[in-house]
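To start, the structure itself, in structure tokens.
The values are calculated or read from the model by the stated rules, or taken from the named source; none is laboratory data. Note that the structure is predicted; figures quoted are calculated from it, not measured. All Cβ positions, even for glycine, are placed from backbone atoms using ideal geometry, and neighbour counts span all protein chains on display. Each accessible area value is taken on the protein alone, full model and side chains, heavy atoms only, with ligands, DNA and RNA left out. Shrake-Rupley method; radii C 1.70, N 1.55, O 1.52, S 1.80 Å.
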Amino acid sequence: QVHLMESGGGSVQPGGFLRLSCAVSGNRDSINVMGWYRQAPGKQRELVATINAEGTTNYLDSVRGRFTISRDHAKGTVYLLMNRLKPDDTAVYHCNARDRVGDTWGQGTQVTVSS
């Protein structure tokens with residue numbers, strides 16, 4: 001079983017940056033893919049970025065070049081560095097872990113981009 005805890009959200013002005021962290025505990029060796037998703041008010045949850053066991057990354061088109069997903073195995077943490085933030089990036093960001101059993105989700109952290 002895996003447990004996820006996000007942190008690092010907050011309020012920033014357009015053009016600013018934030019780094020989200022996802023602390024992973026439990027059976028980390030069972031995880032195939034880690035990802036960040038987001039859900040804005042009135043919209044469906046969407047995939048933002050993923051990183052697999054080999055380190056291969058994938059990004060939503062609208063964040064590619066601005067966001068970077070990475071992981072620190074020693075610390076058991078996955079990060080999402082978000083640069084040049086836009087108002088459209090405002091959402092609750094959730095960490096996700098996928099293994100052979102299914103998906104585990106964190107509780108989410110709010111990111112608000114506003115002037």
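Quick look at the numbers
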{"read-out": "Among residues of region 5-38, those that are of a type outside the set (A, V, I, L, M, F, W, C) and under 9 Å from the mean Cα position of the chain (by Cα), counted", "value": "5"}
{"read-out": "Enumeration of residues in region 4-26 that are in contact (Cβ under 8 Å) with a residue 60 or more places away in the chain and within 13 Å of Thr104 (Cβ to Cβ)", "value": "Leu4, Met5, Glu6, Cys22, Val24"}
{"read-out": "Subset of region 27-66 (residues that are in contact with a helix residue (DSSP H, G or I) (Cβ under 9 Å, 6 or more places away or on another chain) and either among the basic types (Lys, Arg) or without any contact (Cβ under 8 Å) to a residue 12 or more places away in the chain (or both))", "value": "Arg38, Arg66"}
{"read-out": "Any hit, region 70-92, residues being free of Cβ contacts under 8 Å to residues at least 40 places away in the same chain, touching a helix residue (DSSP H, G or I) at 6+ places or on another chain (Cβ under 9 Å) and aliphatic (A, V, I, L, M)", "value": "no"}
{"read-out": "Strands (runs of 3 or more DSSP E) contained in region 2-115 and holding at least 3 residues open to solvent by 30 Å² or more (accessible area, probe 1.4 Å)", "value": "2-7, 18-26, 33-39, 46-52, 57-59, 67-72, 103-105"}
{"read-out": "Sole residue being more than 11 Å from the chain's Cα centre (by Cα) and of a type outside the set (S, T, N, Q), chosen from Ala97, Ala91", "value": "Ala91"}
